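The values are calculated or read from the model by the stated rules, or taken from the named source; none is laboratory data. Owing to the predicted nature of the structure, the values given are computational and were not obtained by experimental measurement. Glycine gets a Cβ as well: all are built from the backbone with ideal geometry, and neighbour counts include every protein chain shown.
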Amino acid sequence: MSSVSLNTIIILVTLIHVAAFAVMLWIRFRRSEADHTQAETGDIRRCAVCAEPAPYLIYDGLDPNEWRDPATGRSYSTDKAHYQPLCAAHAPEVSPRVQVTANTRRLAPPARGPS
């Protein structure tokens, strides 16, 4: 093969890839417009104390049916209403093991009954 035909093949394959990418983007954004849907946005919670952005949900300790983790001894609730949004300045020593984020859809099942 000559160098010219090899360059032509490379250019054609590149153009096909760019065209396919453009079609995929068009399909993605056109679908939202056609369905009259809004783009998904993150839910920004505000700190219950100072109204700053709150990356943590902290258990408030008020659930009458609270559970206790036997490994750590920490209390928690299966009712998400007992978790308050707090910013890093107001969250008490939050470790990655105990923080509950917005992505949490279901808490882990308790190891034993109510305390």
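Only residues that are assigned to a strand (DSSP E or B) and either over 11 Å from ALA88 (Cα atoms) or of a type in the set (Lys, Arg) (or both): list them for region 44-56, please.
Listed by number, the list holds a single entry, ARG46.
Just need a number here: residues in region 57-71 that are among the charged types (D, E, K, R) and in a strand (DSSP E or B).
Taking region 57-71 and keeping what is among the charged types (D, E, K, R), we get 60, 63, 66, 68-69.
Going one step further and asking which of them are in a strand (DSSP E or B), we end up with 68.
Looking only at that region, the number is 1.
Looking at VAL49, VAL4, can you tell me which residue is at pLDDT below 90, among the β-branched types (Val, Ile, Thr) and in the same structural domain as HIS90 (by TED's automatic domain parsing)? Lay out the reasoning, then the answer.
On the way: VAL4 fails: in the same structural domain as HIS90 (by TED's automatic domain parsing).
Only one candidate qualifies: VAL49.
Going residue by residue through region 73-82, is there one that turns out to be at pLDDT 85 or above, touching a Leu at 6+ places or on another chain (Cβ under 9 Å), in a helix (DSSP H, G or I) and surrounded by 14 or more Cβ atoms within 10 Å (Cβ to Cβ)?
Checked against the condition, which is being at pLDDT 85 or above, touching a Leu at 6+ places or on another chain (Cβ under 9 Å), in a helix (DSSP H, G or I) and surrounded by 14 or more Cβ atoms within 10 Å (Cβ to Cβ), region 73-82 yields at least one hit.
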